[in-house]
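Some notes on the structure that comes next.
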Amino acid sequence: QVQLVESGGGLVQPGGSLRLSCAASGSIFSISLMGWYQQAPGQPRELVASITPSGRTAYADSVKGRFAITRERAKNTVSLQMNSLKTEDTGVYYCNIRTVDSNYWGQGTQVTVSS
């Protein structure tokens, strides 16, 4: 059974940086997309960054130039480097891996940006 385990969240001041990581236990085949979602308080979950198996990336406008998503295909891991953090980046961040027939989610990791 596949599980996604996230790490790296925490409390940081505005302008600071955090790196989130997500590791998959178990084998995942035919990955079509890996991504990170943010769920701010009282808001729906939204995609902030994604990466395809070929390495093509996409970002929400709100994080372009500040966040970078990377993946290590051999280990089925995906990371999110978050720089120049803003208070509006606060929320629970979820890792997501999609395959041709499945959709996996991590348990979420809290990111709080506050002075």
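The values are calculated or read from the model by the stated rules, or taken from the named source; none is laboratory data. Just so it is clear, the model here is predicted, and its values are computed rather than measured. Backbone-built Cβ (ideal geometry, glycine too); neighbour counts: all protein chains shown. These area figures cover heavy atoms from the full protein model, side chains too; ligands, DNA and RNA do not enter into them. Shrake-Rupley method; radii C 1.70, N 1.55, O 1.52, S 1.80 Å.
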In region 1-60, which trypsin sites (Lys or Arg not before Pro) are in a loop and have at most 12 other Cβ atoms within 10 Å, using DSSP for the loop call?
R56
Net charge within 15 Å of G108 by Cβ-Cβ distance, Lys/Arg positive one each and Asp/Glu negative one each, not counting G108 itself?
-2
With all protein chains present, calculate the accessible area of K75 using a 1.4 Å probe and round the result to the nearest 10 Å².
130 Å²
With the other protein chains left in place, how much accessible area per residue, in square angstrom, belongs to the chain at a 1.4 angstrom probe?
53 Å²
Within region 1-59, report the chymotrypsin sites (Phe, Trp or Tyr not before Pro) that DSSP leaves as loop and that have at most 15 other Cβ atoms within 10 Å.
F29
Rounded to a whole number, what % of the accessible area of region 1-87 do carbon and sulfur atoms account for, probe 1.4 Å?
48 percent
